[in-house]
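Have a look at the structure below before the remarks.
The values are calculated or read from the model by the stated rules, or taken from the named source; none is laboratory data. Note that the coordinates shown come from a computational prediction; the quantities given were computed from them, not determined experimentally. Counting neighbours? That spans all protein chains shown, and the Cβs are built from the backbone with ideal geometry, glycine included.
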Amino acid sequence: MANTQTRKADHLRICLEEDVQFRQLTNGLEKYRFTHACLPELNLDRVDLTTTFLGKKLGAPLLISSMTGGTEQAKLINYRLAEAAQNYRLAMGVGSQRVAVENPDVAYTFAIRDAAPDALLFANLGAVQLNYTYGLEQCLRVVEILSADALILHLNPLQECIQPKGDTNFNGLLDKIQLLCEKISVPVIAKEVGNGISVAMAEKLIAAGVDAIDVAGAGGTSWAKVEGERAENNLQRRLGNTFADWGIPTAECIVQIRDSYPDIPLIASGGLRNGMEVAKTIALGADLAGLAFPFLQAADDSPSALDELVQILMAEIRTVLFCTGNSNLAELKRSNVLAKIS
């Protein structure tokens, strides 16, 4: 129990203080360029960023991606993020709530619904825990802590390989995910943690009954590097280094999954750092774009830094729409204004 809390504190510190970004592999979005419209025939003030995801209206296609929980610092960050989600009508996911199942005394660090009464909130558990005594009861518990609108099941085989005493039995997990999807009363979102979901994996997850997919592709924070920083021996350090750039770029995941599954609710995350990249993922077929590291940095700084970040992201997305001649996100998706350049 204390180990899980210590791990959460380590993860926060390492993500904020160490260089744990992908080294060479990118999110793939630099391979695309928008076609500029010199005469957009629009009023910038009328450009509409609103969208709907899992039945809830959002002020912008932004998800504050799953990051943290379980410690006092995490509670402060989660509350700041929740207030931003409420103020700007954004979606928000919390970090893995396993720590709150193991130790109910820290559940309050995730219980942010009072700060975000109208926001689209996602609870979060590692899918692999279904092979380690967890079932419907624990999944409902984490949904209840958050009064969540949906449950993220995160998939992190590489991280578990490198993590000291990681949970590495992923055998037979798909059947358990299917059983959970049949029984649970909220939508289930399958999410990677930064190594991507291929179209072949998406096919299996969709067949098992997941309601949405968050590709969480390569190009941002490398959890192999994060766990390498926490290594207790040379083997783990070496694994963290060898696999630091492992994964499928975010853009690739989005294009392939959307091509095969035109209707599945799809979240793009993994290395997104500005509103132009957000707009690129929407143009490629994503419904929502998730950012973690930029929000973590801003929330750790101050509420005003967080406000500034959201306003910048929204201004960047709005500028893309305006300068490509699209008045809303649905038009952007249909418009064919994103060209592949290599």
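Meeting the requirement of 3 or more residues that are surrounded by fewer than 24 Cβ atoms within 10 Å (Cβ to Cβ) and of a type outside the set (A, V, I, L, M), the strands (runs of 3 or more DSSP E) wholly within segment 29-132 are 32-34, 51-53.
Could you list, ordered by first residue, the pairs with Cβ atoms under 6 Å in which the first is in segment 123-149 and in contact (Cβ under 8 Å) with a residue 24 or more places away in the chain and the second is outside any helix (DSSP H, G or I) and charged (D, E, K, R), at least 6 apart or interchain? Close Cβ pairs (under 6 Å, with a partner that is outside any helix (DSSP H, G or I) and charged (D, E, K, R)) amount to V128/D167; Y132/D167. Of the residues making up segment 234-274, those that are among the polar types (S, T, N, Q) and either under 16 Å from Y32 (Cβ atoms) or in contact (Cβ under 8 Å) with a residue 40 or more places away in the chain (or both) are Q236, T250, Q256, S260, S269, N274. Does I282 fit the bill of being closer than 30 Å to L44 by Cα, among the β-branched types (V, I, T), modelled with pLDDT of 95 or more and crowded, with 23+ Cβ neighbours inside 10 Å? So I282 fits the description; yes.
Within segment 277-300, does at least one residue satisfy the condition of being at positive phi and in contact with a strand residue (DSSP E or B) (Cβ under 6 Å, 6 or more places away or on another chain)? The answer is no, given that none of the residues of segment 277-300 is at positive phi and in contact with a strand residue (DSSP E or B) (Cβ under 6 Å, 6 or more places away or on another chain). Look through segment 153-180, keep the residues that are of a type outside the set (S, T, N, Q) and under 20 Å from the mean Cα position of the chain (by Cα), and return whichever of them is farthest from N234 (Cα to Cα). The extreme case among them is I177. In the condition set (1) surrounded by fewer than 24 Cβ atoms within 10 Å (Cβ to Cβ); (2) farther than 22 Å from M92 by Cα; (3) touching an Asp or Glu at 6+ places or on another chain (Cβ under 7 Å), P187 is compliant with all but (2). When T71, T52 are screened for being among the hydroxyl-bearing types (S, T, Y) and modelled with pLDDT under 95, only T71 passes. For segment 319-338, does any single residue satisfy the condition of being surrounded by fewer than 17 Cβ atoms within 10 Å (Cβ to Cβ), under 22 Å from G194 (Cβ atoms) and free of Cβ contacts under 8 Å to residues at least 40 places away in the same chain? The answer is no; no qualifying residue exists.
Step by step: first the residues of segment 213-251, then only those that are surrounded by fewer than 24 Cβ atoms within 10 Å (Cβ to Cβ) and of a type in the set (D, E), then the one that is nearest to the chain's Cα centre (by Cα). Which residue is that? Of everything passing the filter in segment 213-251, D245 is nearest to the chain's Cα centre (by Cα). Answer yes or no: is there a residue in segment 39-58 that is free of Cβ contacts under 8 Å to residues at least 60 places away in the same chain, within 18 Å of the chain's Cα centre (by Cα) and closer than 18 Å to P303 by Cβ. Scanning segment 39-58, I find no residue that is free of Cβ contacts under 8 Å to residues at least 60 places away in the same chain, within 18 Å of the chain's Cα centre (by Cα) and closer than 18 Å to P303 by Cβ, so the answer is no. Starting from segment 6-27, keep only residues that are assigned to a strand (DSSP E or B) and at pLDDT 90 or above, then list their pairs with residues that are buried (at least 22 other Cβ atoms within 10 Å of the Cβ) and acidic (D, E) whose Cβ atoms are within a distance under 6 Å, requiring at least 6 positions of separation or different chains. The qualifying pairs do not exist here. Scanning segment 192-234 for residues that are touching a strand residue (DSSP E or B) at 6+ places or on another chain (Cβ under 8 Å), outside any loop (DSSP other than H, G, I, E, B) and small (G, A, S) turns up A202, A212, A218.
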